[in-house]
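Please read the structure below before turning to the comments.
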Amino acid sequence: EDLPSADHFTAVIVGQGSSDIERAAVDVANITRTVDKYDTINLTGEVINNGDTPIEVNGLAAALFNEAGELVTADYVSVIQHHLEPGETGAFRISAYAPEDQVESLTDYKLYWDTVVADPADVVDLTFSDFYDYMDTYDTFHLAGSITNNGTKNMSVSLIAGIYDEAGNVLDAASLSLPVYNIAPGETIPVDFDSWGPMSYTDDAYDTASEYVVS
C-alpha cells in the first residue's frame, strides 16, 4: 500500500563481520514460477552440485524485478537441501510476496547463493517406505510414509521432499523434522509432509504432479 505521509526511507548497517571461506559453485535447473491463490509467488527448482567436492548451501535468496529493472520484492529460501555431495541434487522453494497489481508481471528474477566447500557427510543406513499422496478435506496436500533406522546409533533426521511434473520441472518442495527427536536403531517412524506451497494452494499442481523424491 502507498504510505502518503512517508517522505523517504533509510537503511543502516548496524553490524558486520568477516571470515575466511572457500566458495563453492552450484547450478540450478527445472525452475518453475507459480502464483498461488493467495497471490504468493513461488519459485521452485533444483540445486545441483556439479563439482567434485561436497558443498554446504548456507542460504539462498531471490529478488524479483519489474519491467524497468527495479527490485520490487525479495525473500529467502523456504525449503532447501543444505548438504550436497558431488553429483547430488535437491529441490528448493522460495515464496515471495509482492504488490497485488504486480504479481503477474514480476517474471524477471535473480537468485543469490551462499555456498561453501564442505567435508564429506557420514553415510548413514536409513531407508524409506513407499509414500502415499492425497488431498485432504481442506485441500491440503500430504505425502506420507515411514523411515527406518537400520544403523547402530540413535539418529536425528530432517527430510526434504520434491514434487516433479512429467518434464522434470519442480512443482513444489517441503521440509520436515521428525515427530520424535531421535530414531533408535531398528526403529521405524511415520512421517507426513504437509507444509506445501503450490501443491496445496494452486488448482492444477496436484493433477500435474508425476513424481516425488524424498531425501
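The values are calculated or read from the model by the stated rules, or taken from the named source; none is laboratory data. Please read all numbers here as calculations on a predicted model, not as lab measurements. As a convention, Cβ positions derive from the backbone with ideal geometry for all residues, glycine included, and neighbour counts pool all protein chains shown. Surface areas here come from the heavy atoms of the whole protein model, side chains and all, with no ligands, DNA or RNA. Shrake-Rupley method; radii C 1.70, N 1.55, O 1.52, S 1.80 Å.
Out of ILE13, ILE48, which single residue is open to solvent by less than 70 Å² (accessible area, probe 1.4 Å), β-branched (Val, Ile, Thr) and on the phi < 0 side of the Ramachandran plot? If you could, list the steps in order and put the result at the bottom.
On the way: ILE13 fails: open to solvent by less than 70 Å² (accessible area, probe 1.4 Å).
Residue meeting the stated conditions: ILE48.
Quick check on this structure: which one of GLU22, GLU100, GLU104, GLU70 is open to solvent by 30 Å² or more (accessible area, probe 1.4 Å), acidic (Asp, Glu), out of contact with any helix residue (DSSP H, G or I) (no Cβ under 9 Å at 6 or more places or on another chain) and modelled with pLDDT of 95 or more? Outline the logic, then answer.
Working: GLU22 fails: modelled with pLDDT of 95 or more; GLU100 fails: modelled with pLDDT of 95 or more; GLU104 fails: modelled with pLDDT of 95 or more.
Answer to the selection: GLU70.
Quick check on the stretch 136-144. Is at least one of its residues open to solvent by 20 Å² or more (accessible area, probe 1.4 Å), assigned to a loop (DSSP other than H, G, I, E, B), in contact (Cβ under 8 Å) with a residue 40 or more places away in the chain and of a type in the set (Gly, Ala, Ser)?
Checked against the condition, which is being open to solvent by 20 Å² or more (accessible area, probe 1.4 Å), assigned to a loop (DSSP other than H, G, I, E, B), in contact (Cβ under 8 Å) with a residue 40 or more places away in the chain and of a type in the set (Gly, Ala, Ser), the stretch 136-144 yields no hits at all.
Of the conditions (1) under 23 Å from ASN42 (Cβ atoms); (2) in a loop (DSSP other than H, G, I, E, B), ASP119 fails just one. Which one is it?
(1)
Just for the stretch 164-195: of the residues that are in a strand (DSSP E or B) and in contact with a helix residue (DSSP H, G or I) (Cβ under 6 Å, 6 or more places away or on another chain), which one is surrounded by the fewest Cβ atoms within 10 Å (Cβ to Cβ)? Even if it seems obvious, please write down each step before you answer.
Here is the first cut: in the stretch 164-195, the ones in a strand (DSSP E or B) are 164, 170-177, 183, 188-193.
Filter once more, so that each one left must be in contact with a helix residue (DSSP H, G or I) (Cβ under 6 Å, 6 or more places away or on another chain): 171-172.
Working: LEU171: 28, ASP172: 30.
Among those that are in a strand (DSSP E or B) and in contact with a helix residue (DSSP H, G or I) (Cβ under 6 Å, 6 or more places away or on another chain), it is LEU171.
Can you run down the residue pairs with Cβ atoms below 7 Å, 6 or more apart or on separate chains, where the first is in the stretch 188-213 and within 29 Å of LYS153 (Cα to Cα) and the partner is assigned to a loop (DSSP other than H, G, I, E, B) and open to solvent by less than 80 Å² (accessible area, probe 1.4 Å)?
Hits for this filter: ILE189/LEU178; ILE189/VAL180; VAL191/LEU178; ASP194/THR140; TYR212/PHE131.
Which members of the stretch 145-168 meet the condition of being free of Cβ contacts under 8 Å to residues at least 40 places away in the same chain, touching a Ser or Thr at 6+ places or on another chain (Cβ under 7 Å) and not polar (S, T, N, Q)?
None - no residue of the stretch 145-168 is free of Cβ contacts under 8 Å to residues at least 40 places away in the same chain, touching a Ser or Thr at 6+ places or on another chain (Cβ under 7 Å) and not polar (S, T, N, Q), so the list stays empty.
Evaluate the stretch 56-63: report whether one residue or more is over 19 Å from ALA25 (Cβ atoms) and at pLDDT 95 or above. Full working, then the answer.
Step one: filter the stretch 56-63 for residues over 19 Å from ALA25 (Cβ atoms), giving 63.
Of the ones still in play, those that are also at pLDDT 95 or above are 63.
Yes, the stretch 56-63 has at least one match.
Between VAL72, VAL47, which is within 21 Å of ILE160 (Cα to Cα) and not acidic (Asp, Glu)? Walk me through it before giving the result.
Working: VAL72 fails: within 21 Å of ILE160 (Cα to Cα).
Of VAL72, VAL47, the one residue that is within 21 Å of ILE160 (Cα to Cα) and not acidic (Asp, Glu) is VAL47.
Could you check, for the stretch 207-214, whether at least one of its residues is within 23 Å of ILE94 (Cβ to Cβ) and touching a Pro at 6+ places or on another chain (Cβ under 9 Å)?
Initially, the stretch 207-214 is screened for residues within 23 Å of ILE94 (Cβ to Cβ), giving 208-214.
Still in the list and also touching a Pro at 6+ places or on another chain (Cβ under 9 Å): none.
Scanning the stretch 207-214, I find no residue that is within 23 Å of ILE94 (Cβ to Cβ) and touching a Pro at 6+ places or on another chain (Cβ under 9 Å), so the answer is no.
If I ask for residues that are in contact (Cβ under 8 Å) with a residue 40 or more places away in the chain, of a type in the set (Ser, Thr, Tyr) and over 26 Å from VAL123 (Cα atoms), which ones from the stretch 40-77 would you list?
Within the stretch 40-77, THR40, THR44 qualify.
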